[in-house]
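What follows is calculated from the coordinates using simple rules that are stated; it is not laboratory data. For clarity, every value in this text was computed on a predicted model and none was experimentally measured. Note that each Cβ is placed from the backbone with ideal geometry, even for glycine, and that neighbours are counted across all protein chains shown.
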Amino acid sequence: MKMTFRWFGDKFDTITPEQIRQIPAVVGVITTLYDTMPGEVWETAAIRALKERVERAGLEISGIESVNIHDAIKAASSERDMYIENYIKTLERLGEQGIDLVCYNFMPVFDWTRSDLAKPRSDGSTVLSYDAEIIESMDFEQMLESIGSKSEGYLLPGWEPERMARNKELFEIYKGIDEHKLKENLGYFLRAIMPVCEKYNIKMAIHPDDPAWSVFGLPRIVKDAEDLQELINLAPSPCNGITLCTGSLGSNPENDIPAIIRSLKGKIHFAHTRNVKYLGYRKFDESAHLSDDGSLDMYEIIKALYDIGFDGPVRPDHGRMVWGEKSMPGYGLYDRAMGICYLSGLLEAIRKQK
């Protein structure tokens, strides 16, 4: 496994690659051109500049998260093929720069949902939290306002203001699209891009839905083991695979994450590892990575990844805000760095036991 760290670029992140380089075991960053819009073709010069910036710090770009997919592709509107061609051009340019992993999602309208971005814990830290009763008591406009008030002024991935300004239009284009139709649209997209992925050996790693159920009546199609296997079958190719996100899948306690990992041997291209604490039906807090701090057995998760021979990038996903740090919610330096050290310790112990 390659230990990595998500970085949003000098313009948007409070953390620098030089700081990331000092975290033990980290060899690369997972990054993106954060100021590009879904559907826009990435410029080669911008990709090259991003790569050179990371390499000057002694790191590599281990993957892109994300090359966002335009809603015309997800909803199969009349402009779908044009935006797929734009996506293919971006993949070609990434491949030409030696970048061979792209994490993406196929969630309609927005990427993830939380009811609180800064819920206080008894230890004085704050965490991202989800409570279905709170979400269901709000309409989408109220949730946008709530998210914005807790964002600390930072842009949030998946909740960019330019995109959310179109929320009424976005909801409209998904009318009549159920899970079956959304899966058909995903299959169409994957089959169109696989030739260029195979040419450059770019591994496409779909991110599970977060949380793992429908929100505001929108379809969700990457929720559990059955969904994951079905999407792999949509476009049989070594390049079509999974981002194994323990927090997203773990939002539903019925998902047996170690078993899911073992069922996907050879198809997991990327792993996000974090913990969650179950508080009730569709109610959870994110937590520190330590198993005892949440409800997931992180030892068994890392062991399952090791047992299937997973050797791709893994990164700590989200973290508490600790020690007064101010940053994008979930993406501070300190708690994620502690998470890496914990995960690295688990991995060292597993290796030595073998």
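Nearest-5 percent of antiparallel DSSP beta bridges in region 236-354?
Percent antiparallel among DSSP bridges in region 236-354 is about 35.
Return the lysines within reach of Lys352: Cα separation strictly under 28 angstrom, same-chain partners fewer than 8 residues apart disregarded; answer none if there are no such residues.
Answer for Lys352, where 28 Å is the Cα cut-off: Lys2, Lys265, Lys267, Lys303, listed by chain and number.
Of the candidates Ser122, Ser214, Ser66, which one comes out as most mobile in a Gaussian network treatment of the chain with C-alpha springs shorter than 10 Å?
The residue that fluctuates most here is Ser122.
Under a 10 Å cutoff between Cα atoms, tell me which one of Glu254, Glu85, Glu55 has the largest fluctuation in the Gaussian network model of the chain.
Among Glu254, Glu85, Glu55, the largest GNM mean-square fluctuation belongs to Glu254.
Give the relative contact order (percent, whole number) for region 103-145; include only Cα pairs under 8 Å separated by 6+ residues. Each step should come with its number before you reach the end.
Values: 33 pairs, mean separation 12.7, N = 43.
After rounding, I find 30 percent.
Looking at the chain, which Cys residues are left with no other cysteine's beta carbon under 4.7 Å from theirs?
Here Cys103, Cys245, Cys341 come out as lacking a disulfide-compatible partner, given the Cβ-Cβ threshold of under 4.7 Å.
Under the Karplus relation 6.51 cos²θ - 1.76 cosθ + 1.60, θ = phi - 60°, what is the ordered set of whole-Hz ³J(HN,Hα) values for region 113-124, x standing for Gly and Pro?
Computed from phi, the couplings for region 113-124 are 9, 9, 8, 8, 9, 8, 6, x, 10, 5, 7, x Hz.
Starting from 0 in steps of 10 Å, tell me what percent of the Cα-Cα pairs of region 67-111 lands in each bin.
Each 10 Å bin holds this share of Cα pairs: 27, 48, 24, 1.
Would you pull out the residues with amide H under 5 Å of Leu279's amide H, same chain only if 5 or more places away, H placed 1.01 Å from N?
Phe284, Asp285
Got the relative contact order for region 1-121 handy, in percent, Cα pairs under 8 Å and 6 or more residues apart? Mind showing how you got there, number by number?
Values: 158 pairs, mean separation 29.2, N = 121.
It rounds to 24 percent for region 1-121.
Testing the spin-label approximation: label points 7 Å from Cα along Cα→Cβ at Glu133 and Glu348. State their distance in nm.
4.4
Enumerate the calculated ³J(HN,Hα) couplings along region 8-22 in order (Karplus 6.51 cos²θ - 1.76 cosθ + 1.60, θ = phi - 60°), each rounded to whole Hz, writing x wherever the residue is Gly or Pro.
9, x, 4, 6, 10, 9, 7, 10, 10, x, 5, 5, 4, 4, 7
Using Cα pairs closer than 8 Å and at least 6 residues apart in sequence, work out the relative contact order for the chain, in percent. Present the calculation step by step, with values, prior to reporting the outcome.
Details: 665 pairs, mean separation 64.0, N = 354.
Relative contact order for the chain comes out at 18 percent.
I need the phi-derived Karplus couplings for region 25-32: 6.51 cos²θ - 1.76 cosθ + 1.60, θ = phi - 60°, integer Hz, Gly and Pro marked x.
Going residue by residue, I get 6, 6, 10, x, 10, 9, 9, 6 Hz, with x marking Gly and Pro.
Obtain the nm distance between the two label points defined at Cys341 and Arg56 by a simple spin-label model: each point lies 7 Å from its Cα along the Cα-to-C-beta direction.
Modelled inter-label distance: 2.9 nm.
Classify region 166-273 as rounded, prolate or oblate, taking a ≥ b ≥ c as the square roots of the eigenvalues of its Cα gyration tensor: rounded when a/c is under 1.5, otherwise prolate if a/b is larger than b/c and oblate if not.
Working: a/c = 2.01, a/b = 1.14, b/c = 1.77.
Oblate.
Checking the a/c ratio against 1.5 first, then a/b against b/c, what shape does the Cα gyration tensor give for the chain?
Values: a/c = 1.25, a/b = 1.09, b/c = 1.15.
Judged from the Cα gyration tensor, the chain comes out rounded (a/c under 1.5).
Report, by chain and number, residues whose modeled amide H sits under 5 Å from the one on Lys2, excluding near sequence neighbours (fewer than 5 apart, same chain).
The answer is Gly312, Val314.
In debye, nearest 20, what is the charge dipole magnitude of region 1-137 about its Cα centre with +1 on Lys and Arg Cβ and -1 on Asp and Glu Cβ, if you could check?
Values: 15 positive and 23 negative charges, 85 e Å.
My answer is approximately 400 debye.
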